[in-house]
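This report concerns only the one structure given below.
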Amino acid sequence: MHKPNRALGLAKAPDGSSAAAIAMSRPIQPVTLLRPHAAARAACFFVEKFPGKSLYAVKANPSPDLLRILWGAGVTHYDVASLGEVRLVAETLPQATLCFMHPVKAEEAIEEAYFTHGVKTFSLDTLEELDKIMRATRGATDLSLLVRIRVSSDHSKLSLASKFGAEPGELTRLLFAARQAADAMGICFHVGSQAMSPAAYTEALSRVRDAIVGAAVTVDIVDVGGGFPSWYPGMEPPALENYFDVISNAYEALPISYSAELWCEPGRALCAEYASVLVRVEKRRGAELYINDGAYGALFDAAHIGWRYPVRLARDRPSDARDIEFSFYGPTCDDLDYMAGPFDLPADVQPGDYIEVGMLGAYGCAMRTGFNGFGVGNPVIVDDEPMATLYGAAEPARRSKVVTL
């Protein structure tokens, strides 16, 4: 396994290995706390237990350091959705296999991906996109083409059911055309982000079965996409093994070749536990805390879709105060820079205190902007456990509202 604290070019936490240790240095800017061991553990879990091949969905967190950690833990295939991601992964991991899984791509992006970076796997959901892929690759005969079908997001916290997916009336013709053009042909789908029930995959794979029977085509790849959940307050999912079991059972019942491959595209599940953010309270107004990160930083989802993250005070002394529900304002001058929460913290939190906001390795780090001139300090590696985990470590710290030295 990859040795996570070596050769990443990142600072190690001084005089300790937790948010409380960092807080003692009184940082002015938010500090991203990285836990390479947590990302490596999640990757090993998928590599060893998912009954097929796991592709990391790069959009969840495109950090080159994280990409190297996942590679070291055995993840060799990467789901890229743009030419920028293609170039990033190709430069960071030259031996990695890249799969261009965005169903709508620029023709120039397809051309560079294929001829310059050796990308041979592409997704599509229309005949027009199939024609575009064939033109851009000049009629290549070594392509893996995956037709994306539309499935329900009813079991997931964030829907991905409306933007992509072949229309039912075109699906049979599209599958047949892709079969004629492809060296390997597959079907893919996405049940939505943070799927809270394994039934999401059972129902989606039932649609895959109907599509295969309706088109009477040979399928070489079934890609169940992402959606695998992480733990957040109010969103405590079943064990990931339950998801793997129902996927395996439904896959085995499909009318496909014995040599077909099963894929998945975890993003959040591989990187959520990788990072948290340490923020400082600049002001308190009743149950509202003004902090130095927010909607235009790592807390985009907390502001715009009401996502709740685990939080705890990072102090050098314990608190005996009862928990109350707080909301946050971020540092910018914008009223939209507001996170309703609720975020449960001890009632005695005051300006100058530091708060660790957990489970921000997925999308939090990736969504940062420099709006209004606010930034973030250099990331720091810590050795303690993330605030919650689905990967079998010691009891997570999610019940603790204060972490101390």
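General observations
- FRET efficiency estimate (nearest 0.05) - Cβ-Cβ, I324 to M196, R0 45 angstrom: 0.95
- Cα gyration tensor shape for the chain, rounded if a/c is under 1.5, else prolate or oblate: prolate
- Span from the region 181-244 Cα centroid across to the region 256-275 one, whole angstrom: 10 Å
- Annotation: amide H-H contacts under 5 Å for G225 (H modelled 1.01 Å from N, sequence separation of 5 or more, or interchain): F189, E265.
- Linear extension gain, Q29 paired with M134, 0.36 nm per residue minus alpha-carbon span: 32.9 nm
- Amide H partners (placed H, <5 Å) of I324, local residues excluded: L345, A347
- Cα shape, region 246-347, gyration tensor, a/c 1.5 rule: prolate
- Cβ-based charge dipole, the chain, positive-most Cα from V279, F326, F100: V279
- Inter-label distance, nm, simple model (7 Å from Cα along the C-beta direction), Q95/D154: 4.6 nm
- Per-residue extension of 0.36 nm, minus the Cα-Cα distance of K283 and F176, leaves a gain of 32.4 nm for this segment.
- Dipole check for the chain: with +1 at the C-beta of Lys and Arg, -1 at the C-beta of Asp and Glu, and the Cα centre as origin, the magnitude is about 540 Debye.
- Helix 168-181 and the long axis of the chain differ in direction by around 70°, with both axes built from C-alpha atoms.
- Leading residue at positive end of dipole, region 36-271 (Cβ point charges), from V246, L205, P233: P233
- Electrostatic dipole magnitude of region 279-393 [Cβ: Lys, Arg +1; Asp, Glu -1; Cα centre; debye, to 20]: 140 debye
- Listed residue (S144, G169, P64) projecting farthest to the positive dipole end of region 36-271, Cβ model: P64
- Radius 11 Å from Cβ of D301, net charge of other residues (Lys, Arg +1; Asp, Glu -1): +3
- Over all other residues within a Cβ to Cβ distance under 12 Å of V219, the charged ones net out to -1, with Lys and Arg as +1 and Asp and Glu as -1.
- Whole-Å distance, taken between Cα centres, linking region 299-327 and region 26-87: 26 Å
- Under 11 Å from the N372 label point (7 Å along Cα→beta-carbon), backbone N, region 291-320: 291-297
- Global form of region 36-271, assessed from the alpha-carbon gyration tensor, a/c cut-off 1.5: oblate
- Total formal charge among the other residues, if their Cβ is under 9 angstrom from that of M101, Lys/Arg +1 and Asp/Glu -1: -2
- Dipole magnitude for region 36-271: computed about the Cα centre from +1 point charges on Lys and Arg Cβ and -1 point charges on Asp and Glu Cβ, it is near 180 debye.
- Rounded to 5, the percent of DSSP beta bridges in the chain classed as antiparallel: 40 percent
Coordinate-derived values only; no laboratory data. As the structure is a prediction and not an experimental result, all values here were calculated from the model. Methodologically, a virtual Cβ is constructed for each residue, glycine included, from the backbone with ideal geometry; neighbour enumeration extends over all protein chains shown.
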